[in-house]
Amino acid sequence: MINSINSGGENSPNGGVNSDIETGYGGVNSMEQQIMETLRKMPGLNAPAIATALGKSLRTTQRILKKLKDNGNIEFKGAPKNGGYFLIVM
């Protein structure tokens, strides 16, 4: 079996634009790593601030934040209007 990042089409489960490519760090992909590193350096950012800091779309950032929150890597503290995300220290 060939493990290639570039195999498959745009929506293919074997690679392409919409696939989740794991990096070997406990299933955390590079966007997740970037968000976690950003929150390590600047805790309490909200989704728009994280998206701007990383140069990604707000929707993509929100999707990854939800995944990180569901996995127990981050938590949201504060009111929806002025709260932010924080890493959960284990």
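Taken together, the values in this text are just the output of simple stated rules run on the coordinates, not laboratory data. Not measured: the values here are computed from a predicted model. Cβ: placed from backbone, ideal geometry, glycine included. Neighbour counts: every protein chain shown.
Computed quantities for the displayed model
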| quantity | calculated |
| --- | --- |
| Full-extension gain in nm, Gln62 to Arg40, via 0.36 nm per residue minus C-alpha separation | 6.2 nm |
| Peptides ranked, highest mean first, by Cβ atoms within 10 Å: ranges 63-71, 80-88 | 63-71, 80-88 |
| Signed unit charges on C-beta, dipole axis of the range 30-87, positive-most listed residue Leu39, Phe86, Ile50 | Ile50 |
